[in-house]
Amino acid sequence: MEESDISILNAIKTKPFILLAGISGTGKSRLVRTLAYKTCSKEDLRKDPKKPGNFELIPVRPNWHDSSELMGYVSRINGEKYITTTFLQFIAKHGKL
């Protein structure tokens, strides 16, 4: 692993929630995808470096103000049902990686 990767991983170990900020196209998503691939210990999840199995890109809007886009919500249109999200489906599928 490169020295910059190790620095970022050390930052994540120190504070497991980090925000990557920057204008569109500066490589924030690519950085996270690359780190996920390099740190994935399960060989069957490392088949595709562009979509490692321990990685899921979850887009949120800049005006994000509640967790419903991440954790889902109850819809009462046509009866009551819970709307799941990509994030919940990823967690359910992979559990603890």
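Per-residue answers, yes or no, for (1) at pLDDT 90 or above; (2) within 25 Å of ILE6 (Cβ to Cβ); (3) not in a loop (DSSP other than H, G, I, E, B); (4) not assigned by TED's automatic domain parsing to the domain that holds GLU2:
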{"residue": "SER41", "(1), (2), (3), (4)": "no, yes, no, no"}
{"residue": "LYS47", "(1), (2), (3), (4)": "no, yes, no, no"}
{"residue": "LYS51", "(1), (2), (3), (4)": "no, yes, no, no"}
{"residue": "ASP66", "(1), (2), (3), (4)": "no, no, no, yes"}
{"residue": "VAL74", "(1), (2), (3), (4)": "yes, no, yes, yes"}
{"residue": "GLY79", "(1), (2), (3), (4)": "yes, no, no, yes"}
{"residue": "TYR82", "(1), (2), (3), (4)": "yes, no, yes, yes"}
{"residue": "PHE90", "(1), (2), (3), (4)": "no, no, yes, yes"}
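One line per residue, one yes/no per condition, for (1) in contact with a helix residue (DSSP H, G or I) (Cβ under 6 Å, 6 or more places away or on another chain); (2) among the acidic types (Asp, Glu):
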site: LEU9; (1), (2): no, no
site: ILE12; (1), (2): no, no
site: PRO49; (1), (2): yes, no
site: PRO62; (1), (2): no, no
site: ASP66; (1), (2): no, yes
site: GLY79; (1), (2): no, no
site: TYR82; (1), (2): no, no
Counting only residues that are of a type in the set (Ser, Thr, Tyr), exposed (fewer than 12 other Cβ atoms within 10 Å of the Cβ) and in contact with a Ser or Thr (Cβ under 9 Å, 6 or more places away or on another chain), segment 67-91 contains a total of 1
Scan segment 53-64 for residues that are at pLDDT 85 or above and either over 23 Å from ARG33 (Cβ atoms) or surrounded by 13 or more Cβ atoms within 10 Å (Cβ to Cβ) (or both) and report the count.
4
Answer residue from segment 2-39, given it is in a loop (DSSP other than H, G, I, E, B) and surrounded by 10 or more Cβ atoms within 10 Å (Cβ to Cβ) and is farthest from the chain's Cα centre (by Cα) among those:
THR26
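The values are calculated or read from the model by the stated rules, or taken from the named source; none is laboratory data. Computed from a predicted model, the values in this text were never measured in an experiment. Please note: Cβ atoms are built from the backbone with ideal geometry, for glycine as well, and neighbour counts cover all protein chains shown.
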